[in-house]
Structure formats: C-alpha cells, structure tokens
1. Could you grab me the full set of residues in segment 62-79 that are more than 23 Å from S24 (Cβ to Cβ) and loosely packed, with under 10 Cβ neighbours inside 10 Å?
2. So, I6, is that one within 16 Å of the ligand (Cβ to nearest atom) and under 15 Å from the mean Cα position of the chain (by Cα) or not?
3. Do you know which of the residues in segment 31-51 that are within 11 Å of the ligand (Cβ to nearest atom) and assigned to a strand (DSSP E or B) is surrounded by the fewest Cβ atoms within 10 Å (Cβ to Cβ)?
4. Cβ-Cβ below 9 Å, separation at least six or inter-chain, first residue in segment 11-36 and within 21 Å of Y62 (Cβ to Cβ), second in a helix (DSSP H, G or I): which pairs?
5. Picking from P28, P18, P13, which residue would you name as being surrounded by 12 or more Cβ atoms within 10 Å (Cβ to Cβ) and more than 16 Å from the ligand (Cβ to nearest atom)?
6. Determine whether M17 is part of a loop (DSSP other than H, G, I, E, B) and touching a strand residue (DSSP E or B) at 6+ places or on another chain (Cβ under 7 Å).
Amino acid sequence: MHKCRICGSNTIPLLKMPNMPSRSQFFPTEETLNLDKPTTLNIVQCSACGLIQLNNEPVSYYKEVIRATSVSKEMRKFRIHQLKKFIEKYRLSRKKG
Ligand SMILES: [Zn+2]
C-alpha cells in the first residue's frame, strides 16, 4: 500500500487514469508515436491528512526539470494590483475600529 508523501499514513485509491502520456516533456512526434508507452496515473488520497497525490514513480528526469521559483518585477506588480482589486471587490480588508 502506498504511504502518504506528507504524513506517512495509508492512502485510499481515488481514481485510475489509463493511457496518459508517460511524461510532460518530450512528447512524441508523429514519427515516434508508435514507440510511446502510455502510463496509468493512480490518484490516491491520504486517509489521515486528506492530501490527494499520485502514487506513480516520478519521471527519470525529475531532478533536471526547471521550475519557476521567482517572477519578474512586472508580474509581481501586476499580481499585487490584481490582489488589491480582489480584496476591494469582495471587501476582504480588515476594517479598523
Ligand atoms: Zn497524509
């Protein structure tokens, strides 16, 4: 049985998704499609903390994947502006007094 990646408790099978691409990079081309091996994604949920996760092994290149850990100055400014408008629209700011 798969153990939760966060708390180590047992997980419960939720969903199986067969015939999914085996990786999100290097998708096959029309010429290499016959060589591609689809995979089944097994989605499970932790019985203790509720985290939904895959119990599949990670792809072989997972340590080399580039992740965006920062954003540009322009994007930061845009997101702050967007968040302020959201807070105003839904009146989420704390009222003083
Ligand atoms: Zn858990």
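1. S72, K73, E74
2. Numbers: within 16 Å of the ligand (Cβ to nearest atom): yes; under 15 Å from the mean Cα position of the chain (by Cα): yes.
So I6 fits the description; yes.
3. Checking each candidate, the answer is Q45.
4. P28/N34; P28/L35
5. Result of the check over P28, P18, P13: P28.
6. no
Taken together, the values in this text are just the output of simple stated rules run on the coordinates, not laboratory data. Only a predicted model underlies this, so the values are computations on that prediction, with no experimental measurement involved. Note that we place each Cβ from the backbone using ideal geometry, even for glycine, and neighbour counts take in every protein chain shown.
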